[in-house]
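Engineer: Please find one structure pasted underneath; my questions will follow.
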Amino acid sequence: MAAPKKVLLSSPPDGGWGWMIVVGCFLVTICTRAVTRCISIFFVEFQTYFAQDYARTAWIHSIADCATMLCAPLGSFISNHLSCQVGIMLGGLLASAGLILSSFATSLEHLYFSLGVLTGIGFALCYSPAIAMVGKYFNKKKALAYGIAMSGSGIGTFILAPVVQLLIEQFSWRGALLILGGFVLNLCVCGALMRPITLKEDHKHPPEFLEQEYVSEAQKQDLKRLSICSPLIKAWSHECLCCCSWQEYNFLLMPDFLVLAVSVLFMAYGCSPLFVYLVPYALNVGVSHQQAAFLMSILGVIDIVGNITFGWLTDRRCLKKYRYVCYLFAVGMDGLCCLFLPILQSFPMLVPFSFTFGYFDGAYVTLIPVVTADVVGTASLSSALGVVYFLHALPYLVSPPIAGWLVDTTSSYTASFILCGFSMIFSSTLLCFARLAKKIKRTQLRSLGRDTDPKQQIWTNGATTYSVSGDLDQKDVEILATEANSYSNR
């Protein structure tokens, strides 16, 4: 097969083949995230067939989610160093093999490996590269493009939830898994749509990293020393590898990204158990199997509305600069929904919950790559998304079993859902306080009445020299430069 030709563009095309990339990513989210959500429909079947408790059965969904997020950097690595097409096609084959092998499972341990590890790794190779590719093709319409692409998770859940329940009733859980294994082979077709594109900002020379504002002088000296390697290291081209690694992951030193990363840990802990336990909880309060599956369908279709409407709204000029605020608002609202869930104990009361939780879940899922791109830039988006989804791994692994242990211990879902709700609210609150702290810092910078300290940054405006203390980002420098020019003109 001929190697794909990469076109060098000065900026994302915001259309053209980009809409086919959106379609491809839409199908990837159906085959990965929607299928993962539908594993919860098998929960009662696995629990009954293998005669196991909540906590042990919950490990299946946890391992699948954890493997998907834990191996997200691997998907980014293959996408960056081989191609997005190769990564997604390989992932499709692995995921399909995992689901097919799961249909022959004879124990929970078998399902841990096949449905958890193997399928999860396959999904990881597909998910983050496909999402990053959308960011490379769009700039002005980025939030809308992501809204459409990520709505595949909701549409897939809406369609697949009742279909999977029907397949289980007709062919047992083994037949349903076998059919799903054939279905996810469509990921190979999605991979074929991912035509590579190269932007000029992707070709930034590694030494430009030394000019970034958030890199301390000590780190700059360390990097310079790395470039003067011993002859043996030079012989093996380690200098080149060091430069490439720094350029690819320099966003890890950004304070904004670090705050976002910590908040993601708590957000991921709070959101995962609900998708595992919504159906078992509904059955526990007397809802029928079909109605419980319908709750997942409602959640999925409203998820679509959240994806697209939040994507469209945050692309408007009046809201574009408030994407960060919209993201933390959506996460906080999902947390509140979890807090109220234990008092909803009938189907008519659970339907509004599915509407509300589904809408805001779709909203913040759409904004994760958008906010990440705003923080790190398009050039580092693939690697940054790999890290962000990697951070989902540990919470996704431990939160469903912890929730299951709480259910087994207390004979109630109340403690599990309250813990999830407070975790998501804390994630939102952390981002809110970080935003307020940054605004206060900028307000103080505008005053130009600060004392200096030994760690100071100096620049010259004509014949006048100005200095400030502390670490500054690019916006802070622009503010100070504007104030300095204004002061000089007086």
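Engineer: Too long at a 18 Å Cα-Cα cut-off: which of Lys136/Lys321; Lys140/Lys320; Lys142/Lys441; Lys140/Lys441; Lys141/Lys439; Lys320/Lys441? Walk me through the numbers before you get to the answer.
Structural biologist: Details: Lys136/Lys321 20 Å; Lys140/Lys320 10 Å; Lys142/Lys441 29 Å; Lys140/Lys441 29 Å; Lys141/Lys439 27 Å; Lys320/Lys441 22 Å.
Flagged as over cut-off: Lys136/Lys321; Lys142/Lys441; Lys140/Lys441; Lys141/Lys439; Lys320/Lys441.
Engineer: Need the full-extension length gain, Leu93 to Glu109, defined as separation in residues times 0.36 nm minus the C-alpha distance. One decimal, nm.
Structural biologist: 3.6 nm
Engineer: Placing +1 on the Cβ of each Lys and Arg and -1 on the Cβ of each Asp and Glu in segment 241-362, which of Val279, Tyr324, Ser263 has its Cα farthest towards the positive end of the resulting dipole?
Structural biologist: Comparing the listed Cα positions along the dipole, Tyr324 ranks first.
Engineer: At 0.36 nm per residue, and after removing the present C-alpha to C-alpha distance, how many nm does the segment from Leu319 to Leu265 gain when stretched out fully?
Structural biologist: Gain on extension, Leu319 to Leu265, equals 16.8 nm.
Engineer: Under a point spin-label approximation (7 Å from Cα along Cα-to-Cβ), what is the Lys441-His289 distance to one decimal in nm?
Structural biologist: That separation, rounded to one decimal, is 5.6 nm.
Engineer: If I model a spin label as a point 7 Å beyond the Cα along the Cα-Cβ vector, how far apart are those points for Thr309 and Val398 in nm?
Structural biologist: For Thr309 paired with Val398, the spin-label model returns 3.6 nm.
FYI, it's all coordinate maths here, none of it is from the lab. Here the structure is a predicted model, which means the values were calculated and not measured. With ideal geometry, Cβ positions are generated from the backbone for all residues, glycine too; neighbour counts draw on all protein chains shown.
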